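Read-outs: derived from the displayed coordinates by stated rules, not from any lab. As the structure is a computational prediction, the values presented were derived from the model and not from experiment. Here the Cβ positions follow ideal geometry from the backbone for every residue, glycine too, while neighbour counts run over all protein chains shown.
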Amino acid sequence: MKLYNMNLSNFATKSRLVIYEKGINVEMAPIPGGDLHSAVYAKVNMLGKTPCLDADGLTIPESEVINEYLEDKFPTPALLPKSPEGRAKVRIITRFHDLYLEPPLRSLFGQMNPKTRDEKVVGEKVTEFKSRLDQLEKIIADGGFATGSDFTLADCALAPTMFFATNLLPAFGAKPLDGRPRIAAWWTHVQTRPSVKKALGEMGEALAAMQRGGN
């Protein structure tokens, strides 16, 4: 199997976390043509996004579909609880992450330069993201991992995006962990996980390389 991957992508990292947790032999492949919008990559993934999994001929785009596939294909160690109720709790968070939490943060990626940023966009998106964090504070488990004592697909979704939140939001005068003790406790705990340490380390190296390139 092959994962078309960019180390700085939070969604690609979301799938790398599952791969690392399960110890699956997956080739980490760069984006063909070096650009998500290249014609050569369009032949692999018409959506032009990362990650994309080549599962021995079956092309699977979208990180959550990839992660659910890997969970079905390699059920041990389990990253979904056994009970329907437990699985629903995990999926509530992964869905919340993809549809509501991550989008306003992503909107800020192009606003990092103080000289060119649109303060109206920044104000709106920072406010929206903080509101989503307040909602996450209410649904994340109180202690342990995102849904309780077990590391799950919910943690795989949240951790890479929280990496961006904690590294980038201070540039906009926002502190994502302040006043959110459950998220803060989870963030401290989840970073002790070896797979998370590895994946976030890769993100950190990629972010530093990008920043050096920008300078």
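For region 120-167 and region 9-80, what is the separation of their Cα centres, given in Å?
22 Å
Which FRET efficiency value, to the nearest 0.05, do you get for E137 and K198 by plugging their Cβ-Cβ distance into 1/(1 + (r/R0)^6) with R0 = 25 Å?
Efficiency, from the Cβ-Cβ distance: 0.40.
Return the Rg/Rh value of region 1-102, two decimal places, where both radii are evaluated on C-alpha atoms and Rh is the Kirkwood radius.
Using Cα coordinates only, the ratio equals 0.98.
For the chain, modelled as a GNM with alpha-carbon contacts under 10 angstrom, which of N113, N167, N45 fluctuates the most?
Checking each option, the largest mean-square fluctuation is seen for N113.
Ranking request for peptides 52-58, 131-137: highest mean number of other beta-carbon atoms within 10 Å first, then the rest in descending order.
Highest-to-lowest ranking by the protection proxy: 131-137, 52-58.
Compute the convex hull volume of the Cα atoms of region 149-202, divide it by the residue count, and report the result per residue in Å³ as a whole number.
75 Å³
Under 21 Å between alpha carbons, and skipping anything fewer than 8 positions from K2 in its own chain: which lysines qualify?
Straight-line reach from K2, under 21 Å: K14, K22, K43, K49, K73, K198.
Contour minus end-to-end for A55 and N167, with contour as 0.36 nm per residue of separation and end-to-end as the Cα-Cα distance?
Going from the current span to full extension adds 37.0 nm.
With n ≥ 4 as the cut-off for DSSP H runs, can you work out [θ] at 222 nm for the chain, using -39500 (n - 2.57) per run divided by the number of residues, rounded to the nearest 500?
-16500 deg cm²/dmol
Which of the lysines could a cross-linker span from K125 if the Cα-Cα distance has to be under 21 Å and same-chain partners fewer than 8 positions apart are dropped?
Qualifying lysines at Cα under 21 Å: K115, K138, K175.
For A208 and K2, compute 0.36 nm times the residue count separating them, minus their Cα-Cα distance, and round to one decimal in nm.
71.6 nm
Mind listing P(r) for the chain? All alpha-carbon pairs, 10 Å bins, whole percents.
Bin by bin from 0 Å, the calculated values are 8, 33, 37, 19, 3, 0.
Which aspartates and glutamates, on any chain, are close to K82 with Cα under 20 Å apart, when same-chain ones fewer than 8 places away are left out?
Result set, ordered by chain and number: E21, E64, E68, E71, D72, D150, D155.
Simple spin-label model, 7 Å along Cα-to-Cβ: E119 to Q191 in nm?
It works out to 3.2 nm between the two label points.
Taking 20 °C and 1.002 mPa s as the conditions, I'd like the Stokes-Einstein D for region 88-215 in µm²/s, using the Kirkwood hydrodynamic radius from alpha carbon pairs.
141 µm²/s
Determine, from the Cβ-Cβ distance of F109 and S83 and an R0 of 45 Å, the FRET efficiency 1/(1 + (r/R0)^6), rounded to the nearest 0.05.
Once the sixth-power term is evaluated, E becomes 0.75.
Which residues in region 144-162 place their backbone N less than 11 Å from a point set 7 Å from the Cα of I92 along the Cα-to-Cβ direction?
147
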